[in-house]
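Every read-out reported here was derived from the displayed coordinates using simple, explicitly stated rules and does not represent laboratory data. Values in this document were obtained by computation on a predicted structure and should not be read as measured data. Cβ sites come from the backbone with ideal geometry, for glycine too, and all protein chains shown count toward neighbours.
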Protein chains: 2
Amino acid sequence: MDTPRYTDLVQSLPANVPFVGPEEQERARGAPFAARLGANENIFGPSPSAIAAMRAEADNVWKYGDPSSHDLRIALAKAMNVAAESILVGEGIDGLLGNLVRLLIGPGDAVVTSDGAYPTFNYHVAGFGGALHKVPYREDHEDLGALIARAQDVDAKLIYLANPDNPMGSWHSGADIVAALDHLPEGCLLLLDEAYVEFAPEGTAAPVAGDDPRVIRMRTFSKAYGMAGARIGYAIGAPDLIRNFDKIRNHFGMSRMAQVGALAAFRDVEWLADIQAKVAVARNTIARIAAENGLAALPSATNFVAVDCGRDGDFARAVLAALVARGVFVRMPFVAPQDRCIRISCGRPEDMEVLARALPEALAEARG
Amino acid sequence: MDTPRYTDLVQSLPANVPFVGPEEQERARGAPFAARLGANENIFGPSPSAIAAMRAEADNVWKYGDPSSHDLRIALAKAMNVAAESILVGEGIDGLLGNLVRLLIGPGDAVVTSDGAYPTFNYHVAGFGGALHKVPYREDHEDLGALIARAQDVDAKLIYLANPDNPMGSWHSGADIVAALDHLPEGCLLLLDEAYVEFAPEGTAAPVAGDDPRVIRMRTFSKAYGMAGARIGYAIGAPDLIRNFDKIRNHFGMSRMAQVGALAAFRDVEWLADIQAKVAVARNTIARIAAENGLAALPSATNFVAVDCGRDGDFARAVLAALVARGVFVRMPFVAPQDRCIRISCGRPEDMEVLARALPEALAEARG
C-alpha cells in the first residue's frame with residue numbers, strides 16, 4: 001500500500017492544468033514578453049485610490065482579513081440594490097466557481113456548458129467528478145436555448161453561461177437572459193459569469209432579483225477594476241445559496257489589501273468610466289490592425305477581441321506561436337470552429353504598436 | 001424540486017463556522033478592541049522590506065500572480081535544502097489544508113487528530129465527508145503515540161499533528177517526530193502543521209527528507225513573518241504528492257503582493273530574529289502577568305501563551321468573556337481539560353499593559 005492514499009476521484013484526474021502562466025512562458029523562452037495581451041488583464045491598471053488603499057493597508061498585513069468582508073459586501077449590496085445576505089466576496093471568480101461546484105456537484109452529476117467556454121470551470125467540474133455536457137456555440141455566441149434544452153435532457157444541476165462570453169467577446173442582452181430563466185428546468189441553477197460585464201453595452205448585465213433562487217451571478221475586480229493580482233471577486237445569489245458557501249469556504253481566505261483595494265476601486269466610478277473608454281478605443285485599434293492585415297475582428301463586449309485568422313485552427317495556432325515568439329503574449333480558443341481566431345487583450349497604445357509590428361510578420365511566418 | 005440541488009454531503013453539513021472574526025465581534029460590541037491578542041497574529045508586523053515590496057508591487061496588481069510562485073518556491077527550496085518540486089506555495093495553511101484533505105479524504109475515510117486541536121482542519125475533514133477520530137491530549141501535549149495507535153486501529157489515511165501545538169503552545173522535538181514516522185501505519189500520511197515552528201526552540205522543526213512520502217509539512221507567512229492578511233503559506237512534501245495538488249488547486253489563486261512580500265520577508269533573517277526575541281520577551285511578560293494574578297502560564301514554543309485559570313472551562317469562559325468586554329480580544333481552547341485555559345497572543349508592551357490592567361478585573365468578575 002503506497003502512501004498517501006488518494007481518493008478514487010483524484011486518482012482519475014489528469015495532471016494537466018487549465019492555463020500556463022505568462023511568467024512560465026517567459027522563463028521557457030528566456031525573455032520577457034514585449035506586450036502582455038493574453039490573459040485579459042487590465043493593463044491600464046486599477047484606480048489610483050485602490051493602489052493607495054492597498055499600500056496603506058500593507059501596514060496592517062499582520063492582521064487576518066475580515067472573514068465576512070463586511071465593508072465591501074455592504075457597499076456592493078447597496079450599489080446593486082440587493083440585501084447584504086445576497087453577496088459573497090471570495091478569492092476571485094475562480095475560487096467562487098470551485099466552491100459553487102463543490103456545493104452542487106458530486107460524482108456523475110450533470111453540468112452543461114458551451115464547448116470552448118471557460119476551461120477553469122470545466123476543471124472544477126472534473127475535479128468534483130461531475131459529468132460535463134457541452135453544446136456548440138451558435139455563430140460565435142453561447143447558445144442559451146441549446147444550453148437549457150441540454151440541461152433538460154441530462155437533468156443538469158448547473159448551467160454555465162458567461163455573458164459577455166470569453167473567449168469570443170460576444171454577448172446577449174440581460175433581458176434575454178432573464179426571460180430564459182423561466183425555461184430553466186426545475187432543480188437547475190444558472191451560473192452567470194459576468195466577469196466582463198462592465199465593458200459591455202448598457203443592458204447586458206442581467207437584471208435579476210437578489211433573492212432569485214434560479215441564478216447566481218459572479219463578478220470580479222480582476223478585469224474592469226484592474227486587480228487580477230489581488231484575487232477578489234463576488235457572487236450575487238439568493239441568501240440561502242450564499243449561506244451555504246459558509247459550510248465549505250475558506251473563511252479567512254481573503255487578503256486585507258484586496259478587501260480595501262476593491263472597496264476603493266468600486267467607489268471610483270470616474271476611473272471605471274475612463275477604463276471603459278480606453279478599452280473601447282483599444283478594441284477599435286485591434287480591429288483596425290486586424291483589417292490592415294486582411295483579418296476580421298469579431299464584435300466584442302469585453303476587454304479583448306477575437307480576431308478571425310481566416311483559416312483553420314492549425315493556422316491560427318501557427319499565428320499565435322509566431323506572435324509569442326515575437327514577444328506578444330496572446331491566447332486563443334481551444335475548440336473548432338472558434339479556434340480559427342486568436343484572442344487579443346486590449347492594451348495601451350504602446351502595446352498595440354507592438355502588436356501592429358508583430359502581426360504582419362507572424363502571419364507571413366504562419367503562411368509559410 | 002428546489003433549486004439549487006446541493007450534494008447530500010453539503011446538505012448534511014452544519015452551518016456553523018470555525019471562528020468568528022474579531023471585526024465581527026467589534027461590530028457586535030460597537031467598539032474596537034484595545035488589544036488584539038486572540039488570533040496569534042504577529043502584532044510586531046512583517047519586515048519593512050516585505051511591506052516595501054508589497055507597496056511597490058501594488059503597481060503591478062493588474063497582472064495575475066505567477067501560478068507556480070516560482071521565485072518564492074526556489075528560495076524556499078534552497079533554504080530548506082529540498083528540490084523545488086517538493087514545495088507548494090498556497091493561500092495560507094488553511095487553503096493548503098483544504099486541498100490536502102480533498103486529495104485524500106472522501107466520505108467515510110478515517111482521519112485522526114487530537115481532541116481540541118485546530119478546528120479548521122476538522123472543518124475541512126467534515127467538509128469532504130471524512131470520519132474524524134480524536135485522541136485526548138496528554139499533559140497538554142498532543143500525544144503522538146496515541147495518534148499513531150488510533151490511526152492503526154481505524155485505518156486512517158491522514159493524521160494531523162501541530163508542532164508546536166495550538167492552542168496549548170506545547171511541543172515535541174523534531175527528532176521524536178522523525179522517529180515516530182517509522183511507526184506510522186502503511187498508507188497513512190502525517191500532516192505536520194509547523195505554523196509556529198519559527199518561535200520554537202532549536203530542534204523543534206522535524207528534519208524530514210524532502211522526498212519522504214510519509215509526511216507533509218506546512219508552514220506559513222502568517223505568524224513569525226507577520227503577514228496573516230496576505231494569505232500565503234507553503235507545504236513541503238514528496239514531489240509526487242505536491243504534483244497531485246496541481247489536479248485540484250486554484251492555480252491562479254495567489255496574490256502577487258503576497259508572493260513578493262513573502263519572498264522579501266523570508267530573506268530578512270535579521271527581522272525574524274528580532275521578532276523571535278520580542279516574542280520571547282512577551283511570553284515572559286504574559287507569564288509574569290498571570291503569576292501576579294495567581295495564575296499559571298504554560299510553557300510555550302509559539303507566539304501565544306495558554307494561561308491556566310485554575311478552575312473549569314466555565315470559569316475560563318467567564319474570564320474570557322470579561323476580558324472581551326474590556327476590549328481584550330483573546331480566545332481559548334474548546335475542549336476539556338484544556339479549556340481551563342485562556343490563550344493570549346504575544347503583543348507589544350502597550351498590548352501587554354492593556355492585558356495587565358484588564359485581567360484582575362476580569363478575574364474578579366468571573367469569580368463573581
Suppose R0 equals 22 Å; then what is the FRET efficiency for A:His141 and A:Val20 from their Cβ-Cβ distance, rounded to the nearest 0.05? 0.20
Distances in nm, one decimal, shortest first, from B:Arg367 to the same residue in every other copy, taking the label point 7 angstrom along Cα→Cβ. 9.3
Counting each DSSP H run of 4 or more residues in chain B as -39500 (n - 2.57), what helix-only mean residue ellipticity at 222 nm follows after dividing by all residues, to the nearest 500 deg cm²/dmol? -12500 deg cm²/dmol
The range B:132-203 to the range A:206-241: how many Å between their Cα centroids? 41
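Could you work out the mean count of beta carbons from other protein chains within 10 Å of each residue's beta carbon in B:32-44?
On the way: counts 0, 0, 0, 0, 3, 0, 0, 3, 1, 4, 3, 2, 1.
Mean number of neighbouring Cβ atoms from other chains: 1.
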With a cut-off of 15 Å, note down the residues of the range A:259-276 whose backbone N falls inside the zone around a label point 7 Å from the Cα of A:Arg348 toward its beta carbon. A:275
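Percent antiparallel among DSSP beta bridges with both residues in chain B, to the nearest 5? Walk me through the intermediate numbers first.
On the way: 17 of 35 bridges.
For chain B, the DSSP antiparallel bridge percentage is about 50.
Shielding of B:250-263 by partners, i.e. mean partner chain Cβ atoms within 10 Å per residue?
Details: counts 11, 8, 14, 7, 4, 12, 5, 12, 7, 1, 1, 3, 0, 0.
Shielding by partners across B:250-263 averages 6.
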List the distances, in nm to one decimal, from the label point of B:Val281 to the label points of the same position in every other copy, shortest first, placing each label point 7 Å from Cα along the Cα-to-Cβ direction. 5.5
Pseudo-spin-label distance A:Ala291 to A:Ser49, built 7 Å along Cα→Cβ, given in nm, is 3.7
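If packing is taken as the average count of other Cβ atoms within 10 Å, what order do A:73-79, B:168-174 fall into, highest mean first? List each step's numbers first, then the result.
On the way: A:73-79: 16.3, B:168-174: 22.4.
Sorting A:73-79, B:168-174 by mean packing, highest first, produces B:168-174, A:73-79.
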Listed residues B:Ala34, B:Ala290, B:Ala195, most fluctuating in chain B (Gaussian network, C-alpha, under 10 Å): B:Ala34
Could you give the length gained by full extension between B:Asp314 and B:Glu186, i.e. 0.36 nm per residue of separation minus their alpha carbon distance, to one decimal place? 42.0 nm
For A:Lys278, counting only lysines whose alpha-carbon sits under 20 Å away and dropping same-chain residues fewer than eight positions off, the answer is A:Lys223, B:Lys63
Net +/- balance of residues flanking A:Gly310 in space, Cβ distance below 13 Å, scoring K and R +1, D and E -1: -1
For A:65-71, what's the mean count of beta carbons from other chains sitting within 10 Å of each residue's beta carbon? 5
Along the positive direction of the dipole of the range A:48-268 (beta-carbon charges: Lys, Arg +1; Asp, Glu -1; about the Cα centre), which of A:Leu263, A:Phe221, A:Gly108 reaches farthest? A:Leu263
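Which percentage, to the nearest 5, of the DSSP beta bridges contained in the range B:48-267 is antiparallel? Write out the running numbers ahead of the final one.
On the way: 9 of 25 bridges.
Once the DSSP bridges in the range B:48-267 are tallied, antiparallel ones form about 35 percent.
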DSSP-loop chymotrypsin sites (Phe, Trp or Tyr not before Pro) across the range B:78-167, with at most 10 other Cβ within 10 angstrom: none
Along Cα→Cβ at 7 Å, what distances in nm separate the A:Pro299 label point from those on the other copies, shortest first? 7.5
My understanding is that a pair violates if its Cα-Cα distance is over 28 Å; which of A:Lys247/B:Lys247; A:Lys247/B:Lys78; A:Lys134/B:Lys157; B:Lys78/B:Lys247; A:Lys247/B:Lys134 do that in this structure? A:Lys247/B:Lys78; A:Lys134/B:Lys157
Where does each of B:301-312, B:144-155 land if you order them by average Cβ count within 10 Å, highest first? B:301-312, B:144-155
